[in-house]
Amino acid sequence: MIFPVARCALRWWLRRPGERASSRAAMEVALRGARKVLCVAEKNDAAKGIADLLSGGRMRRREGLSKFNKIYEFDYHLCGQNVTMIMTSVSGHLLAHDFQMQFRKWSSCNPLALFDAEIEKYCPDNFVDIKKTLERETRQCQALLIWTDCDREGENIGFEIIHVCKAVKPGLQVLRARFSEITPRAVRAACENLTEPDQRVSDAVDVRQELDLRIGAAFTRFQTLRLQKIFPQVLAEQLISYGSCQFPTLGFVVERFKAIQAFVPEVFHRIKVTHAHRDGVVEFHWKRHRLFNHTACLVLYQLCMEDPTATVVEVRSKPKSKWRPQALDTVVCSRRNIAISLSVCLCRYISYPRTETNIFPKDLNLTALVEQQTQDPRWGAFAQSILERGGPSPRNGNKSDQAHPPIHPTKYASSLQGDDQRLYEFIVRHFLACCSQDAQGQETTVEINIAQERFVAHGLVILARNYLDVYPYDHWSDKLLPIYEQGSRFQPSTVEMVDGETSPPQLLTEADLIALMEKHGIGTDATHAEHIETIKARMYVGLTPDKRFLPGHLGMGLVEGYDSMGYEMSKPDLRAELEADLKLICEGKKDKSVVLRQQVQKYKQVFIEAVAKAKKLDEALSQYFGEGTEVAQQEELYPSLPEPIRKCPQCHKDMVLKAKKHGGFYLSCTGFPECRSAVWFPDSVLEASRDESVCPVCQPHPVYRVKFKFKRGSLPPTMPLEFVGCVGGCDETLREILDLRFSRGPPRASQPASQPSGHLQASQYLNRMDSRRHGHAQPPDGRQSGPSKAPARALPGPHGRRHGRRHGEQLCGCATAARRPLHRPLPSPTGTFGAAPWPGGRGRAQGPEARSKRPRAGSSDAPGATAKKPRKCSLCHQPGHTRPFCPQNR
């Protein structure tokens, strides 16, 4: 059983015998004392195949926490000692990139902020069981062996596995297995030549993933939010996405369509000569090919007609070969409009079908693969002939993705049906043709002269069909010529002047589009189809009845809009620069952070200028969708990011000022939902916004002051309705007015139930109104234990100053009043103001507890408060149950 997963490194080791020996010694030291080794492959099929071969079929299977990723155990002699191998797998990338929670909602910030927003790696919900399996198995293992693909993505997946496992056991030894396919020879050689994971290759993938997220999210939000408002009748529900590979793919389609539109046909003229013989008609082609000047062609034609006798000037004969196909890769399949299926049934019999490699590795046993096909009645005889002629000699190309071999059959299959059978047959025939010999023939060229004008005819005789006998997808046929001798003369059957017209290029097929993507380095063999499907799903392009790509109105408008701004974003140049930088990262010639910073800055500048010239995008699309709706201000489309007020006492992230759905304000932690710390302001606050001044007292710096505007009658008469104050905890009066408390909410399931004591202490310090330094203690919940007896004429600040209401520029500590006329609230019918309680104040508190004139039975604010009595049954008057559940009610 063969499963392709990674690029073989045997040649690398063989070229460096000294390094190989020293590395092997290092591996033995790294594994010394290891009893169990955790092995992780990229897919479950690969894990199963590796375990089966290394164990000799004697592996023990058990279930993991994910039902799709099994665990296989077996004993193995690794690096000079006996160990228990625990083989399991992931399902591609285990971790994903995303913005922190405050940036994920489209309405949360201006898209420009996404270029600088913090990004985090997390495990998606559907992979949590795989992560838990790795964590559980890591606890009982002493070493980790990575068996993922050895391309860039596989190396990055390997480091994701390392990150998860080392979080559980930081001292875990990590090794890397490199191989091209799962055969007994390949996997055992990989175990004998273990290496270290390549951090540089993984870094290149991290850079690409982060850039794709930032660029794609910023431009997608910009386009979608703007164009949905400009053209609501057409694009109200349309997602208008942008991707650095997706857009150049669209650009190829638009460019070809516009070339066809701009094409102006031209009339041309040529002279055609034919000569009939007993075996058919020979057509001689004019060596001038064609002329666009009618008069010039007519003169030459008339000269030929004056003496139309043809003289044979030259007869040449030379060998002619038709090359056999190169080793099969994904691009060749696409050019032949053959979609390689990833069905489980077919993948058991072929190598990995997503590869850019067209060079067979030297250590791959091609003879054994050809021998497997000799039993087939359709191509078995041809396979046998390859072996009899000295064995396979494949025609290799010049590309290698350093991960997978070319597509080839790995074992004989006779039970496949339908599309799987047809695909398997194509792969086998292509493999045998590649390992065969070129077709041989003899080409004859005859050149004649009529009135000093030269004409040429070509003939072909096939001498050996060779690979054509097994490969019906290529055609090469005989074209017989009569025997012509140099110097002989004959009378042509016809000499005529014919007209023609140049034709425009055709729309692109999927094969043409993939060839262009391959040529310009857009995407990889595994992502070409994905990018094409995306532009189809977004309705940027459509398909004609003959399966050719035609750009839609939206696609045309987007490309034309950005082109009119002066940015050729639909051209592959920007992406090609990134790919070149990623290659340099892999080679260690460029630093990851430098490339990331440069690329982010480049696209950020493009984004800023694109937003400034956004009307050009509107104008381009209005050609197709009609006149758009005017938008007054940019802020209506792209909301500004809330500015931080202070640090969260629980998680130390920023806390920002937000508005409640039904009116009112609160401070919210940007770490939501992982952190649910919040400060809720009372409904008496009409307006709240950040002031640029910073409190010099509160820690940690900076803590910004907040501008408040209160309802009339909600404050003591000595206080202004508008002032600037600090919510950091230094202003005791403001704490009492706002009744400041931090609400932490229940922790999420992903968080530990207990928090470090430092978090709790910091939170409690800010939650309570700590006034011990002012000479009176209060309960931890921040409420006063009894009614205040202080007079309400003036409010003392924290430093003992008294301020009248007309001299309220400095309230206390860091609170300052806005300079505006003060209005004294009117007294209520009961003779008290409808205000929140303040020190010495007589007003009634607003809120649920203020609705009852009597204090609650269990309230700590009521004098002589007693504990709340337990509820009793109204039937038997016993506590512990209610009437519907009373035993006497049955």
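Which residue out of Leu54, Leu65, Leu38 is assigned to a loop (DSSP other than H, G, I, E, B), out of contact with any Gly (no Cβ under 8 Å at 6 or more places or on another chain) and within 27 Å of Asp129 (Cβ to Cβ)?
Numbers: Leu54 fails: assigned to a loop (DSSP other than H, G, I, E, B); Leu38 fails: assigned to a loop (DSSP other than H, G, I, E, B).
Only one candidate qualifies: Leu65.
Which residues, taken from the range 109-137, are hydroxyl-bearing (Ser, Thr, Tyr) and under 17 Å from Lys70 (Cβ atoms)? Step through it out loud before you land on a result.
Taking the range 109-137 as the starting set, the residues that turn out to be hydroxyl-bearing (Ser, Thr, Tyr) are 122, 133.
Of everything in the range 109-137, just one residue is hydroxyl-bearing (Ser, Thr, Tyr) and under 17 Å from Lys70 (Cβ atoms), namely Thr133.
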Just a yes or no: is a residue in the range 153-163 in contact with a Phe, Trp or Tyr (Cβ under 9 Å, 6 or more places away or on another chain), outside any loop (DSSP other than H, G, I, E, B) and open to solvent by 10 Å² or more (accessible area, probe 1.4 Å)? no
What number of residues within the range 104-120 satisfy the criterion of being out of contact with any helix residue (DSSP H, G or I) (no Cβ under 8 Å at 6 or more places or on another chain) and either within 28 Å of Pro353 (Cα to Cα) or in a strand (DSSP E or B) (or both)? 1
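Could you please give the count of residues in the range 657-677 that are open to solvent by 10 Å² or more (accessible area, probe 1.4 Å) and part of a strand (DSSP E or B)? If you could, list the steps in order and put the result at the bottom.
Within the range 657-677, the first condition is being open to solvent by 10 Å² or more (accessible area, probe 1.4 Å), and the residues that meet it are 657-666, 668, 670, 672-674, 676.
Okay, now just the ones that are also part of a strand (DSSP E or B), so 657-659, 665-666, 668.
Total satisfying the criteria: 6.
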Just to be sure before I move on: is Gln223 over 30 Å from Pro405 (Cβ atoms) and in contact (Cβ under 8 Å) with a residue 60 or more places away in the chain in the structure I sent? yes
Scope the range 588-598; condition open to solvent by less than 80 Å² (accessible area, probe 1.4 Å) and either without any contact (Cβ under 8 Å) to a residue 12 or more places away in the chain or out of contact with any Asp or Glu (no Cβ under 7 Å at 6 or more places or on another chain) (or both); matching residues: Gly588, Lys590, Ser593, Val594
Please go through the range 68-83 and give me each residue that is touching a helix residue (DSSP H, G or I) at 6+ places or on another chain (Cβ under 6 Å), outside any loop (DSSP other than H, G, I, E, B) and free of Cβ contacts under 8 Å to residues at least 60 places away in the same chain, ordered by number. Tyr72, Phe74
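Find the helices (runs of 4 or more DSSP H) located wholly in the range 527-606 whose residues include 2 or more that are within 19 Å of the chain's Cα centre (by Cα) and over 18 Å from Gln209 (Cα atoms), and list them. Please lay out each step first, then the result.
Details: elements: 528-537, 553-565, 573-586.
Passing ranges, in order: 528-537.
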Residue check: is Gln238 closer than 30 Å to His93 by Cα and open to solvent by 10 Å² or more (accessible area, probe 1.4 Å)? yes
Across (1) in a loop (DSSP other than H, G, I, E, B); (2) within 28 Å of Lys67 (Cβ to Cβ); (3) at pLDDT 90 or above; (4) open to solvent by 10 Å² or more (accessible area, probe 1.4 Å), Asp149 clears everything bar (3)
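For Ile522, are the conditions met, namely being at pLDDT 90 or above, open to solvent by less than 10 Å² (accessible area, probe 1.4 Å), of a type in the set (A, V, I, L, M, F, W, C) and farther than 18 Å from Ser622 by Cα? Talk me through it step by step, then tell me what you get.
Numbers: at pLDDT 90 or above: no; open to solvent by less than 10 Å² (accessible area, probe 1.4 Å): yes; of a type in the set (A, V, I, L, M, F, W, C): yes; farther than 18 Å from Ser622 by Cα: yes.
So Ile522 fails the test.
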Working only within the range 135-146, note down all residues that are surrounded by fewer than 24 Cβ atoms within 10 Å (Cβ to Cβ) and within 26 Å of the chain's Cα centre (by Cα). Glu135
Tally of residues being in contact with a Ser or Thr (Cβ under 7 Å, 6 or more places away or on another chain) and either modelled with pLDDT of 95 or more or crowded, with 19+ Cβ neighbours inside 10 Å (or both) across the range 404-419: 6
Total residues in the range 711-737, condition over 22 Å from Lys647 (Cα atoms), touching a helix residue (DSSP H, G or I) at 6+ places or on another chain (Cβ under 8 Å) and at pLDDT 85 or above: 1
Mind checking which residues of the range 455-486 are of a type outside the set (A, V, I, L, M) and open to solvent by 90 Å² or more (accessible area, probe 1.4 Å)? Arg465, Asp469, His475, Lys479, Glu485, Gln486
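Go through the residues of the range 477-488 one by one and say whether even a single one is among the aromatic types (Phe, Trp, Tyr), in contact with a strand residue (DSSP E or B) (Cβ under 6 Å, 6 or more places away or on another chain) and farther than 30 Å from Cys435 by Cα.
Pass one, the range 477-488, residues among the aromatic types (Phe, Trp, Tyr): 484.
Still in the running and in contact with a strand residue (DSSP E or B) (Cβ under 6 Å, 6 or more places away or on another chain): 484.
Remaining after also requiring farther than 30 Å from Cys435 by Cα: 484.
Yes; the residues of the range 477-488 include at least one that is among the aromatic types (Phe, Trp, Tyr), in contact with a strand residue (DSSP E or B) (Cβ under 6 Å, 6 or more places away or on another chain) and farther than 30 Å from Cys435 by Cα.
Any chance the range 195-204 includes a residue that's open to solvent by less than 20 Å² (accessible area, probe 1.4 Å) and over 16 Å from the mean Cα position of the chain (by Cα)?
yes
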Identify the residue in the range 435-452 that is in contact with a helix residue (DSSP H, G or I) (Cβ under 6 Å, 6 or more places away or on another chain) and open to solvent by 10 Å² or more (accessible area, probe 1.4 Å) and, among all such residues, is farthest from Lys287 (Cα to Cα). Gln437
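Of all residues in the range 679-698, which are of a type in the set (Val, Ile, Thr) and closer than 11 Å to Lys709 by Cα? Spell out the reasoning first.
To start, the set of residues in the range 679-698 that are of a type in the set (Val, Ile, Thr) comprises 679, 685, 694, 697.
Hit for the range 679-698 is Val685, nothing else.
Any residue at all in the range 42-54 that's more than 28 Å from Arg152 (Cβ to Cβ), modelled with pLDDT of 70 or more and either outside the structural domain of Ser400 (by the TED database) or open to solvent by 50 Å² or more (accessible area, probe 1.4 Å) (or both)?
Within the range 42-54 (the criterion being more than 28 Å from Arg152 (Cβ to Cβ), modelled with pLDDT of 70 or more and either outside the structural domain of Ser400 (by the TED database) or open to solvent by 50 Å² or more (accessible area, probe 1.4 Å) (or both)), the answer is no, since none of the residues qualifies.
Looking only at residues in the range 256-287 that are open to solvent by 60 Å² or more (accessible area, probe 1.4 Å) and in contact with a Leu (Cβ under 9 Å, 6 or more places away or on another chain), which one is nearest to Trp106 (Cα to Cα)? Break it down stepwise before answering.
Within the range 256-287, the subset open to solvent by 60 Å² or more (accessible area, probe 1.4 Å) is 256, 258, 261-267, 270, 278-279, 281, 283, 285, 287.
From the residues that got through so far, the ones that are in contact with a Leu (Cβ under 9 Å, 6 or more places away or on another chain) too are 256, 270, 279.
Working: Arg256: 34, Arg270: 63, Asp279: 74 Å.
This residue is Arg256.
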The number of residues in the range 60-73 that are over 25 Å from the mean Cα position of the chain (by Cα) and surrounded by 21 or more Cβ atoms within 10 Å (Cβ to Cβ) is 2
In the range 678-708, what count of residues is obtained for those that are touching a residue at least 40 places away in the same chain (Cβ under 8 Å), open to solvent by 40 Å² or more (accessible area, probe 1.4 Å) and either more than 29 Å from Cys651 (Cα to Cα) or among the hydroxyl-bearing types (Ser, Thr, Tyr) (or both)? 1
List every residue pair whose Cβ atoms lie under 6 Å apart, where the two residues are 6 or more positions apart in sequence or sit on different chains, the first residue falls within the range 435-455 and is under 30 Å from Phe360 (Cα atoms), and the second residue, located anywhere, is open to solvent by 40 Å² or more (accessible area, probe 1.4 Å) and in a loop (DSSP other than H, G, I, E, B). Asp438/Trp323; Ala439/Arg465; Ala439/Trp476
Please enumerate the residues belonging to the range 289-316 that are among the hydrophobic types (A, V, I, L, M, F, W, C) and in contact with a His (Cβ under 8 Å, 6 or more places away or on another chain). Leu291, Phe292, Cys297, Leu298, Ala310
When the range 84-103 is examined, which residues are found to be assigned to a strand (DSSP E or B) and surrounded by 21 or more Cβ atoms within 10 Å (Cβ to Cβ)? Met85, Ile86, Met87, Thr88, Ser89
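The values are calculated or read from the model by the stated rules, or taken from the named source; none is laboratory data. Please read all numbers here as calculations on a predicted model, not as lab measurements. Please note: Cβ atoms are built from the backbone with ideal geometry, for glycine as well, and neighbour counts cover all protein chains shown. These accessible areas exclude ligands, DNA and RNA; they are computed on the full protein's heavy atoms, side chains included. Shrake-Rupley method; radii C 1.70, N 1.55, O 1.52, S 1.80 Å.
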